[in-house]
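The values are calculated or read from the model by the stated rules, or taken from the named source; none is laboratory data. What you are looking at is a predicted structure, and each value in this text was computed from that prediction instead of being measured. All Cβ positions, even for glycine, are placed from backbone atoms using ideal geometry, and neighbour counts span all protein chains on display.
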Amino acid sequence: MLSRFASRLSRPASASLKGFSALAEDSPFMELRPAVTMYSEEETAVRDMVKTWAQQELAPHVREMDREGAMRPDILKSLFDNGLMGMEIPEKYGGSEMNFTSAVIAVEEIAAVDPSFAILVDIQNTLTNNALRFWGSEELQEKWLPRLATDTASSFCLSEAGSGTDAFAMKTTAIPSPDGSYYTLNGSKLWISNSKEAGVFLVFANAAPEKGYKGITAFVIDAETEGITVGKKERKLGLKASSTCALSFEDVKVDASCVLGEVGMGYKYAIEILNEGRIGIAGQQLGIAKGAFNATMPYLRERKQFGTSIGDFQGMQHQVAQLATEIHAVEVMTYNAARMKENGLPFVKEASMCKLYSSQVAERVASKCIEWYGGVGFTEDIIVEKFYRDCKVGSIYEGTSNIQLQTIAKIIANEW
């Protein structure tokens with residue numbers, strides 16, 4: 001079939017394009033394929049549902065939670081009740097059994113209202129849940145997936161004081177017992193999101209320090225396990241409702257059945273799951289950019305100077321057009337990466353690209369929106385100042401911008 005189409009391409013240059021088009025009507029290239037920002041009926045229903053939920057149940061409490069630095073338990077429960085915490089978990093475990101794109105859509109829509117809850121949903125779905133689905137034993141899946149889908153939040157515990165970007169310089173150890181029936185964990189973790197709300201921790205620790213990173217092993221640990229201490233909440237610039245704490249492990253005994261996958265494969269699991277987690281972060285940053293932009297556009301029509309709406313000045317129109325274009329570019333990049341991941345294609349470069357660019361665009365958009373509001377934009381009366389504070393961490397967590405650039409550059413070098 002390809003050769004038949006190629007023969008048409010070899011026709012003389014003088015041949016009419018009209019005739020060529022007629023010949024091509026039965027070509028496989030005439031088959032319509034959806035754009036990456038076109039969603040299935042199910043995905044559209046997810047977007048509509050989450051948008052409505054976020055406006056009705058989340059939006060009225062965003063400022064209050066930001067001031068108090070805590071999530072309302074009833075809203076957390078509502079996330080579970082609406083199936084948003086187990087989006088890819090199979091129905092047999094109580095999950096929604098949807099695709100990865102649907103999870104990213106949910107993160108985006110929630111982030112457009114409150115990025116603190118978006119990061120909770122993102123970590124739950126793209127990191128913890130999927131790690132258990134991919135590498136968890138049947139015993140671990142049967143124990144934890146029903147809870148993760150219905151009532152238990154989770155934390156991804158990788159970073160330490162001396163191992164941020166260099167995550168595999170970790171010092172937390174998990175020494176096996178003589179008979180191999182259990183492990184004893186000692187050490188600490190830092191910057192752990194959702195740690196106050198979590199009922200289960202996915203912890204990375206070194207079970208064979210003499211092997212370096214090849215000893216790193218992942219453990220699924222009940223938050224109530226003796227010897228685990230959750231430290232005080234960090235006082236952060238943004239995402240204030242989201243808890244970020246230090247964790248300490250003092251002679252924590254963990255049964256060997258709590259090992260996720262294979263001993264010594266934790267480094268591989270962390271890298272693989274963070275790659276897709278970066279698409280979720282891009283979804284969060286996209287939601288922040290859209291949230292700030294949408295909160296500002298009506299004001300540009302309402303605010304008048306010199307008898308004219310400020311949005312009608314050419315200088316403003318050009319700025320709006322530029323940022324709208326960049327937001328659209330982030331959307332295309334993010335959902336293209338999501339589709340590539342779903343289709344089993346290599347997506348690491350694209351995930352790093354959308355994570356990098358989305359954080360840059362979210363910061364630019366939120367900053368400009370404050371400027372467009374003028375003096376009032378610099379106050380807490382307008383929500384865009386919160387989006388500005390919340391977006392900054394996008395260039396830091398789940399791989400800094402420099403790490404994304406290095407990843408992209410390395411892959412490009414290998415391609416050439």
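Against the definition (within 17 Å of Gln124 (Cβ to Cβ), in a helix (DSSP H, G or I), at pLDDT 95 or above and assigned by TED's automatic domain parsing to the domain that holds Arg147), how does Ser78 come out, yes or no? Spelling it out, Ser78 is indeed within 17 Å of Gln124 (Cβ to Cβ), in a helix (DSSP H, G or I), at pLDDT 95 or above and assigned by TED's automatic domain parsing to the domain that holds Arg147. Would you say Gly86 is in a loop (DSSP other than H, G, I, E, B), crowded, with 24+ Cβ neighbours inside 10 Å, at pLDDT 95 or above and not assigned by TED's automatic domain parsing to the domain that holds Ala295? Yes: the conditions hold for Gly86. What do you reckon, is Val263 touching a Ser or Thr at 6+ places or on another chain (Cβ under 6 Å), within 30 Å of Lys171 (Cα to Cα) and in a strand (DSSP E or B)? It is false that Val263 is touching a Ser or Thr at 6+ places or on another chain (Cβ under 6 Å), within 30 Å of Lys171 (Cα to Cα) and in a strand (DSSP E or B). Does Glu380 satisfy the condition of being part of a loop (DSSP other than H, G, I, E, B), farther than 30 Å from Pro346 by Cβ and either in contact (Cβ under 8 Å) with a residue 24 or more places away in the chain or assigned by TED's automatic domain parsing to the domain that holds His61 (or both)? Judged against the criteria, Glu380 is a match. So which pairs qualify, if the first residue must be in the range 51-70 and farther than 24 Å from Gly83 by Cβ and in the same structural domain as Val121 (by TED's automatic domain parsing), the second must be in a helix (DSSP H, G or I) and hydroxyl-bearing (Ser, Thr, Tyr), the Cβ gap must be under 9 Å, and the two must be at least 6 apart or on different chains? Short answer, once both residue conditions are applied: Asp66/Ser116. None of Asn206, Asn194 is more than 24 Å from the chain's Cα centre (by Cα) and not small (Gly, Ala, Ser) except Asn206.
Hydrophobic (A, V, I, L, M, F, W, C) and in contact with a Phe, Trp or Tyr (Cβ under 6 Å, 6 or more places away or on another chain): does that describe Ile110? The answer is yes for Ile110.
Scanning the range 174-208 for residues that are farther than 19 Å from Lys268 by Cβ and of a type in the set (S, T, N, Q), which turns out surrounded by the fewest Cβ atoms within 10 Å (Cβ to Cβ)? It comes out as Ser181. The set of residues in the range 296-318 that are touching a residue at least 60 places away in the same chain (Cβ under 8 Å) and under 33 Å from the mean Cα position of the chain (by Cα) comprises Thr296, Tyr299, Leu300. Taking (1) of a type outside the set (Phe, Trp, Tyr); (2) in contact with a strand residue (DSSP E or B) (Cβ under 9 Å, 6 or more places away or on another chain); (3) under 12 Å from Asn194 (Cβ atoms) in turn, Ala131 satisfies each apart from (3).
Does Ile105 count as among the β-branched types (Val, Ile, Thr) and either part of a loop (DSSP other than H, G, I, E, B) or not assigned by TED's automatic domain parsing to the domain that holds Glu68 (or both)?
Taking the combined requirement at face value, the residue does not satisfy it.
Out of Val230, Val259, I need the residue that is closer than 30 Å to Arg63 by Cβ and modelled with pLDDT of 95 or more. Which one? The conditions single out Val230. Inspect the range 164-178 for any residue being farther than 23 Å from Arg47 by Cβ, in contact (Cβ under 8 Å) with a residue 60 or more places away in the chain, part of a strand (DSSP E or B) and in contact with a strand residue (DSSP E or B) (Cβ under 8 Å, 6 or more places away or on another chain) and give the result as yes or no. Within the range 164-178, one or more residues are farther than 23 Å from Arg47 by Cβ, in contact (Cβ under 8 Å) with a residue 60 or more places away in the chain, part of a strand (DSSP E or B) and in contact with a strand residue (DSSP E or B) (Cβ under 8 Å, 6 or more places away or on another chain). Criterion applied to Gln322, Gln404 was being polar (S, T, N, Q) and surrounded by 21 or more Cβ atoms within 10 Å (Cβ to Cβ), and the one residue passing it is Gln404.
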